[in-house]
1. Which of the residues spanning region 748-782 are more than 16 Å from LYS326 (Cα to Cα) and among the basic types (Lys, Arg)?
2. Identify, by number, the condition in (1) under 25 Å from the mean Cα position of the chain (by Cα); (2) at pLDDT below 95 that PRO742 doesn't meet.
3. Counting only residues that are open to solvent by less than 10 Å² (accessible area, probe 1.4 Å) and in contact with a strand residue (DSSP E or B) (Cβ under 6 Å, 6 or more places away or on another chain), how many does region 373-388 have?
4. State which residue is nearest to PRO427 (Cα to Cα) when the search covers only region 539-549 and only residues that are part of a loop (DSSP other than H, G, I, E, B) and open to solvent by 20 Å² or more (accessible area, probe 1.4 Å).
5. May I ask you to verify whether ALA603 is part of a helix (DSSP H, G or I), out of contact with any strand residue (DSSP E or B) (no Cβ under 6 Å at 6 or more places or on another chain), open to solvent by less than 10 Å² (accessible area, probe 1.4 Å) and free of Cβ contacts under 8 Å to residues at least 60 places away in the same chain?
6. Does PRO286 meet the test of being open to solvent by 10 Å² or more (accessible area, probe 1.4 Å) and touching an Asp or Glu at 6+ places or on another chain (Cβ under 9 Å)?
7. Under 7 Å between Cβ atoms, which residue pairs at least 6 apart in sequence (or on different chains) link something in region 109-127 that is free of Cβ contacts under 8 Å to residues at least 60 places away in the same chain with a partner that is among the hydroxyl-bearing types (Ser, Thr, Tyr) and crowded, with 20+ Cβ neighbours inside 10 Å?
8. Where in region 162-261 are the strands (runs of 3 or more DSSP E), entirely inside, with at least 1 residues that are without any contact (Cβ under 8 Å) to a residue 60 or more places away in the chain?
Amino acid sequence: MSLCRSATRTFGAALSVGLMTFAPSTANAEGEGYFWEDFSHGYCTSAGCLHGKLEYAGYLGTMADAYDESTGRDLRHFPPDRVVDYKHMKLQMYFEDLNDRSFTATETLTVVPEGDGADSLKLNALRLDVRDVRLDGRPVEHFHDDEILTLRFSPPLEAGTEYDIVFEYACTHPTDGMFFTPSSDSAPDYTAEVHTQGQTESNRNWFIAHDFPNEQMTTELIVNVPDRFAVSANGRLMSNLANDGRAIWHYLQDKPHVSYLVSLVIGEFDIVDLPHDSVPMKVWVPKGLAHQVMPTYGNTAPMIDLFERRLGVAYPYDRYDQLVVKNFGAGGMENTTVTSMYPSAIFDDTELKENDLDGLIAHELAHQWTGDMITCKSWAHIWLNEGWATYGSALWFEERDGEDGYLDSMRRSFGVARRDVTTNELPMVSPVYGDSWEVFRRRANPYPKGSSILHMLRCKLGEDVFWDGVHLYMNRHKFGVAETNDFRYAMEEVSGMGLEWYFEQWCFRPGTPALDIDVDYDGASRELIVTIDQTQHIDRRTPAFRFDLPIHVRTSAGDEVHTVNVTEMNTVFRATLTSAPSMVQVDPYLHVLKTVDVTKPRAFWMTEARDGVTIVARHDAVRALRAWDMPETIALTSSIAADPNGRHTLRQTAVATLGSYGSDDARDELLKVYDEGIADPRVRASVISEFGSYDLEDVADRLVNVLKNDEGYDPRNNAINVLAKLEAEDHVDLIAATAHVPSQHDQIRDTALSALATMEDERGVDLAMQYAAWGHQDRPRARAISALGDLAEHDEERIVDFLLELLDDPHTRPRRAAGSALAKIGNERALEPLQAIATSHRDKRERDRAEGWVETLKKNMKDDDDDSEDS
């Protein structure tokens, strides 16, 4: 069915982020946030993987400029010369012991020179010990500066001729790209593991490559490891041979892909088959968790079927495995045929009642088509990867949950408009960046904005034309690279429309429209008057936006849709109605990416909150009612919050609106909603979070009961937060006890440690040290370490000793958390070791990060000295 209603069509559904804000005369909703992931517990519950990727990428400093002001040199990034066509990489690797954090390798690159041939070749090889380079058995002249390996060929390589270049090298203690998690006698159950993470340009840390996404090749990995370990790599398993305590795993990826998608995982796993008629699928999880695979990953098969139908291409590879790996920096990573997932991405029964992993699973699976089969030709066009994958999650929610699921998801993506304003320097698609990670974190964020652009285009073109264009694009560019205009050309070819203005407006210039909309009805003349003002900054670079804005009107005669063509700063729409309207809804199906302030009568909002044509309209109406703390609105929002048949996202919005009222009647009503019982733990947790604005004596018994008797993770988590906020000193023993309570992502323990730090309770020191120790997952360890930074006043010297030892921790997050905590404490003993990292660490991003720690440490040392002098 069509998902974008016109005057004669109906639509589908979705997840939420506040799309609308409202004028003071009606309401002023601050919005639910522009992003679409939940990392409040350090994990990803929805479509994207960006937050983890950026955190993992490290310190980036300030955004780059387009040119060097002193020289005028162009600093924009364009795809590098290929020189040769990279056909195939065969990589033979030997790991003596994973605890050595090293391996030796023989790599063979099969290349065919292009143009006039090649007398030299530059390859990325970051801090690899290159010992020999040969061509047809003959030594090749080469020079390696620790970053670039330059080969010189005499005689030059001939165009059109295939050559094999063979490299012998060793890799020792890589700082990026490949991550070793060693075993330890102190935690014998925490076994050794290796995983790789290539995006954006990190695989050069463990193999020699043209490490940029404008080139695809087939790959082959042959990996020799101790036989207790299982090995995963891209493609199909050709053989697995064991002998004399060793095992050799041989994988072949026979369809081309880019360097950053090459993957290797080594470890001890439970490996569980997922059923599918044509695609072999397995899930690799920590030992003992096989029983949780189907409840967490069981929808993967219908997701594949959905994407095959929607995208018009059968699943393009030989297998699809998903691997839950230790010390993984991102939420998920779409390596070709083998997606890596974060350490706790295998849910227990309690977590599945509050969250599921479907958004992330769908996102990474969609990447197998959009990012892997077709890869953006340069990082500037990353939305073709990430926007499509984010939209893939929305498509799955549409399939699983219907219209509400889809539109809720799109509503979350539309939240990007709050940050994507016309005064920003850069648009979503731009070659201006310093570090390649910058394109992932722009205010015009390619994940939600890219998804929003696809949804708007679907609305604009209609179901058949949109999907025909998608099928043409996918089939035309499969197993290749693409730019934004490649997608545009396919959509133009199928639709017959000129879409250059559309892609120019939404992709190549910054900003989204900011609208002030006033809805008036003249009862005497039966005239509806809608005034639409574009209030964003408008100039030659960013003229007024061009779009069609649907207005849905309900009268006694039924529903009608009026489409307003907006091209200027000020537009007035008038229509004569057959009778007075009960609702006037602005863009309830999200045809236009925007922020909007809507002014209209309270009665319209109240009717829309109950009966709006989409969940988007109902969300916006419930939020708008925050402007009216009165019996009618309290009763309405309370009924929505308490409705056991209502969608949980709308009920949570109603809870937030009810909690925003300051009257005693509203506060009593929220307590009544809670006391009458809320079966859905998501809604229950939302109500508990609102208790932070109550007096402690009014909610203490309820909060204590939650900690003692509620089975939900989020309700207990929020109860701890509220008790800490309300300074519930009488209940600190109970909070300390919850630090030992297991939960899916250790979120209850994390919150308890944070609460103890907030309440300055010294018991937090020993508890934080206990759970910061090796053997626990990296993310909870890091949060326990951060808590120590807040608890230093209780035992500073012991805490500093503990943190200093963690500066060499194999886990990335704990190591960085230790540096940040030391800087925060401001103890002079940390200065020298932090300066050593800032001066001599092999990774520039770690040096930059440590420089920030040193600066913070010195400031805090000075502040401490000043305080001593004052006292």
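1. Result: ARG749, ARG763.
2. Among (1) under 25 Å from the mean Cα position of the chain (by Cα); (2) at pLDDT below 95, PRO742 violates only (1).
3. So the count comes out to 6.
4. Of the residues in region 539-549, the ones part of a loop (DSSP other than H, G, I, E, B) are 539-546.
Now narrow it down to the ones that are open to solvent by 20 Å² or more (accessible area, probe 1.4 Å): 539-541, 543-544, 546.
Values: ASP539: 15, ARG540: 15, ARG541: 11, PRO543: 14, ALA544: 16, ARG546: 17 Å.
Step by step, filter region 539-549, then rank; the result is ARG541.
5. Details: part of a helix (DSSP H, G or I): yes; out of contact with any strand residue (DSSP E or B) (no Cβ under 6 Å at 6 or more places or on another chain): yes; open to solvent by less than 10 Å² (accessible area, probe 1.4 Å): no; free of Cβ contacts under 8 Å to residues at least 60 places away in the same chain: yes.
It is false that ALA603 is part of a helix (DSSP H, G or I), out of contact with any strand residue (DSSP E or B) (no Cβ under 6 Å at 6 or more places or on another chain), open to solvent by less than 10 Å² (accessible area, probe 1.4 Å) and free of Cβ contacts under 8 Å to residues at least 60 places away in the same chain.
6. Details: open to solvent by 10 Å² or more (accessible area, probe 1.4 Å): yes; touching an Asp or Glu at 6+ places or on another chain (Cβ under 9 Å): yes.
For PRO286, the condition - open to solvent by 10 Å² or more (accessible area, probe 1.4 Å) and touching an Asp or Glu at 6+ places or on another chain (Cβ under 9 Å) - is met.
7. Listed by first residue and then by second, the contacts come to VAL111/TYR86.
8. Numbers: elements: 163-172, 178-181, 193-196, 216-226, 230-233, 236-243, 246-258.
Answer list for region 162-261: 163-172, 230-233, 236-243, 246-258.
The values are calculated or read from the model by the stated rules, or taken from the named source; none is laboratory data. The model shown is predicted, which means the values in this text are computed figures rather than measured ones. Methodologically, a virtual Cβ is constructed for each residue, glycine included, from the backbone with ideal geometry; neighbour enumeration extends over all protein chains shown. In case anyone asks, the SASA skips ligands and DNA or RNA and just uses the protein heavy atoms, side chains included. Shrake-Rupley method; radii C 1.70, N 1.55, O 1.52, S 1.80 Å.
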